[in-house]
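All remarks here apply to the structure that follows.
The values are calculated or read from the model by the stated rules, or taken from the named source; none is laboratory data. Source: prediction; values computed, not measured. Ideal geometry is used to build each Cβ from the backbone, glycine not excepted, and the neighbour counts take in all protein chains shown. Protein only, heavy atoms only, side chains kept; ligands, DNA and RNA dropped before computing areas. Shrake-Rupley method; radii C 1.70, N 1.55, O 1.52, S 1.80 Å.
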Amino acid sequence: MAEEAILGFLQNNDEIAHSGYFAAEHNLDHEEVKNVIKSLQAFRYIEAKVLKREFFDLTDEGKKYAAEGSPEFHFFSAVPEEGTISMDDLQRMLDPFVFDVGSKQAPKKKWVAMGQQVSRTVQHVEDKVKEMLLQIQQGLELDQETLKSLKYRKLIILTEKWSGYSEVKKGPNYAPKRRSLATDLTRENLQNWQELDFKEYNVNAKGQPVDSGHLHPLLKVRKQFKDIFCQMGFEEMPTNNFVESSFWNFDALFQPQQHPARDSHDTFFLKAPWTTRELPEDYVARVKQVHESGGYGSRGYNCEWKREEANKNLLRTHTTAVSSRMLYALAKGPFTPKKYFSIDRVFRNEAVDKTHLAEFHQIEGVVCDRGLTLGDLIGVLQEFFSRLGMSNLRFKPAYNPYTEPSMEIFSYHAGLEKWVEIGNSGMFRPEMLQPMGLPEDVRVIAWGLSLERPTMILYKCDNIRELFGHKVDLKKVKENPICRIGIESA
Ligand code: PHE
């Protein structure tokens with residue numbers, strides 16, 4: 001509607017002088033006219049100039065000045081060309097209003113010098129105020145400065161204001177009807193290129209986002225943990241066996257065969273192959289002995305230890321199974337101190353909820369050296385977690401079958417405003433280390449935590465199922481920023 005009206009009007013007329021009046025005359029909504037003008041202007045069908053104007057009327061005082069001249073002009077005229085005149089004489093000669101205003105304005109304009117006696121400082125003056133008021137009366141446009149001074153003297157008053165209106169003329173691409181532009185480089189368009197108008201390229205337009213692979217948040221956080229371990233001189237343990245025997249997962253760790261974790265309610269056992277093929281026999285014998293009757297200063301569990309139980313295959317329930325294999329291997333050679341770490345998947349037959357899945361990732365650190373103490377463990381944990389931005393730690397005594405003493409690790413989370421449990425730790429028991437054949441004075445300190453917990457905190461995710469498994473939100477994975485460990489939780 002508005003577009004046809006504007007283009008049609010310009011076909012027979014040079015210009016639309018005022019878009020507001022044009023809209024009113026053609027019964028159009030000016031907002032619509034404004035939008036059409038913008039769009040036609042973009043394609044250079046038309047040229048538009050914004051009309052910004054204010055209209056004024058003269059006040060009664062203004063009218064008087066316009067007709068009779070300004071008071072300052074009369075005041076000036078009353079001062080003799082040569083010599084001086086006293087204020088008293090001026091006051092007697094002039095109309096009180098003219099005297100009042102003129103005696104202020106004339107010296108301000110530097111027309112006269114004032115004292116007891118008044119004299120001219122210039123011989124000739126122009127009554128600009130009168131001229132300008134006459135111009136306004138004729139509807140002429142004046143500069144802002146002048147308007148401001150006249151408004152200030154209350155000689156004029158605003159009656160109309162134009163804003164948002166424009167004056168419209170034909171543009172270089174003017175046509176009585178808008179041509180539709182070709183946008184695609186199709187075979188037909190290219191063949192008819194001479195008849196067509198192509199839409200101009202917008203080189204500033206944003207491109208389509210490039211589709212590419214994205215790292216999963218768990219992988220990003222894992223990398224940061226790995227870097228911290230490497231910076232602290234830890235070697236990575238080989239964790240590429242999800243299937244483990246009960247022996248390495250439990251027995252080697254001095255976990256009693258009656259322990260509830262060894263129930264199928266808590267652990268996934270394998271059907272096929274359901275038992276392990278081989279175990280180091282001499283070591284198995286020492287493990288059996290320490291469980292049944294103790295040794296190395298321990299009383300053991302005083303319970304029968306069954307080989308069949310140890311043979312059972314399972315999906316490893318913690319990466320400490322890997323640590324036990326590593327320590328056993330280490331015990332075989334001449335002893336050297338070691339720092340090991342691992343980050344990999346573990347499995348537990350648990351009820352799945354917002355924060356628990358049947359599989360997750362464990363991060364584990366192990367340090368073995370002669371004469372290590374609980375103080376060393378606390379020190380290493382402080383160092384490790386402060387590199388994660390968690391330097392405010394607390395430790396709580398805990399129980400693990402394979403560590404003594406054991407400590408749960410808590411960190412104060414400023415964002416959540418509470419202490420959160422971030423890991424479990426301890427010193428491996430002699431009942432675990434001695435049967436492996438490690439020298440008697442070798443102590444092993446270790447700790448473990450889940451990878452999911454810090455990742456959920458960092459990525460502000462409160463449902464683990466969004467992070468892992470078949471309900472994972474791929475869009476989130478793509479859009480997730482890189483979250484730097486340490487910034488959030490410090
Ligand atoms: N294996 C323990 C767990 O699954 C963690 C841990 C590792 C505890 C090493 C002590 C020492 O929670």
Taking the alpha-carbon set of the chain, what are its Rg and Dmax in Å?
46.2, 136
Beyond a 22 Å Cα-Cα separation, which of these cross-linked pairs lie in this structure: LYS223/LYS478; LYS338/LYS396; LYS206/LYS478; LYS108/LYS151; LYS312/LYS396; LYS38/LYS199?
LYS338/LYS396; LYS312/LYS396
Can you tell me the relative contact order of the chain? Whole percent, Cα pairs under 8 Å, sequence separation 6 or more.
13 percent
For ARG286, solvent-accessible area (1.4 Å; no DNA, RNA or ligand), Å²:
80 Å²
Under the classification rounded if a/c is under 1.5, otherwise prolate if a/b is larger than b/c and oblate if not, where does segment 73-122 fall, given a ≥ b ≥ c as square roots of the Cα gyration tensor eigenvalues?
oblate
Residue-wise, which Karplus ³J(HN,Hα) couplings in Hz belong to segment 443-459, taking 6.51 cos²θ - 1.76 cosθ + 1.60, θ = phi - 60°, and x for glycine or proline?
10, 10, 10, 8, 8, x, 8, 8, 7, 5, 4, x, 5, 5, 5, 5, 9
Report ³J(HN,Hα) in whole Hz for each residue of segment 341-357, in order, from the Karplus equation J = 6.51 cos²θ - 1.76 cosθ + 1.60 where θ = phi - 60°; Gly and Pro get x.
9, 8, 9, 7, 7, 9, 9, 9, 7, 10, 5, 7, 9, 4, 10, 10, 10
So for the chain, taking the charge dipole from beta-carbon charges (+1 Lys/Arg, -1 Asp/Glu), which of PRO260, ASN302, ILE156 sits furthest toward the positive end?
ASN302
What FRET efficiency comes out for the pair GLU25/GLU479, r = Cβ-Cβ distance, R0 = 45 Å, nearest 0.05?
0.30
The long-range amide H neighbours of ALA182, using H built 1.01 Å from N in the peptide plane and a cut-off of under 5 Å, are ASP197, PHE198, LYS199
Phi to ³J(HN,Hα) by Karplus 6.51 cos²θ - 1.76 cosθ + 1.60 over segment 359-375, Hz, x for Gly, Pro:
9, 7, 10, 10, 10, 9, x, 9, 10, 10, 6, 6, x, 5, 10, 4, x
Sorted by chain and then number, the residues having a modelled amide H within less than 5 Å of the amide H of VAL112, at least 5 places away or on another chain, are THR121
How far is helix 128-137 tilted, in degrees, relative to the longest principal axis of the Cα atoms in the chain, given as a value from 0 to 90 rounded to the nearest 10?
80 degrees
About the Cα centre, and with charges only on the beta carbon of Lys, Arg (+1) and Asp, Glu (-1), how big is the dipole of segment 316-437? Nearest 20 debye, please.
280 debye
On a 0 to 90 degree scale, rounded to 10, what angle separates helix 30-42 from the longest Cα axis of the chain?
80 degrees
Amide H neighbours of GLY295 at under 5 Å, excluding residues fewer than 5 places away on the same chain, with H built from the backbone geometry, are GLY300
